[in-house]
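Read through the structure below, which is laid out as structure tokens, and then see the notes.
The values are calculated or read from the model by the stated rules, or taken from the named source; none is laboratory data. The structure displayed is predicted, hence computed values, not measured ones. All Cβ positions, even for glycine, are placed from backbone atoms using ideal geometry, and neighbour counts span all protein chains on display.
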Amino acid sequence: MIRVLVHQTEIIIGAQCDDDDPAGIVSFSKARDSDLSDEDYLEFVLDTFGDQRSGYVFAVNPGGASSTGSWPRRAWTSTATGTPSGRRPR
């Protein structure tokens with residue numbers, strides 16, 4: 001479940017992520033702006049320009065490590081696909 005609260009100067013995003021197999025959660029990064037691509041993480045993009053082509057990206061792993069940047073990233077491609085359970089294939 002994701003909740004978004006918007007104020008004149010703030011956007012607050014909350015997420016509750018459930019997993020049927022918590023022992024299978026992969027989370028090892030601790031430092032800010034780590035590369036989270038080899039572990040489980042939640043990522044969202046704010047399309048602040050309204051062009052559906054660029055924006056700001058925010059990501060966080062289960063351990064609380066966060067990463068921020070602009071989107072699209074240089075040479076960035078995604079091979080992940082959504083599944084009914086929300087888990088990405090490994």
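A few points about this structure:
- In the condition set (1) in contact with a strand residue (DSSP E or B) (Cβ under 8 Å, 6 or more places away or on another chain); (2) of a type in the set (Gly, Ala, Ser); (3) not in a loop (DSSP other than H, G, I, E, B), residue 34 is compliant with all but (3).
- Picking from residues in the stretch 7-26 that are exposed (fewer than 10 other Cβ atoms within 10 Å of the Cβ) and in a helix (DSSP H, G or I), the one that is farthest from the chain's Cα centre (by Cα) is 23.
- Hey, residue 4 surrounded by 14 or more Cβ atoms within 10 Å (Cβ to Cβ), at pLDDT 85 or above, of a type outside the set (D, E, K, R) and within 15 Å of the chain's Cα centre (by Cα) or not: no
- Conditions (1) modelled with pLDDT under 90; (2) surrounded by 10 or more Cβ atoms within 10 Å (Cβ to Cβ): number failed by residue 61: (1)
- Residues located in the stretch 59-73, provided they are assigned to a strand (DSSP E or B) and farther than 11 Å from residue 30 by Cβ: 59, 60, 67, 68, 69, 70, 71
- In the stretch 36-58, residue modelled with the highest pLDDT [restricted to those that are of a type in the set (Gly, Ala, Ser) and over 13 Å from the mean Cα position of the chain (by Cα)]: 55
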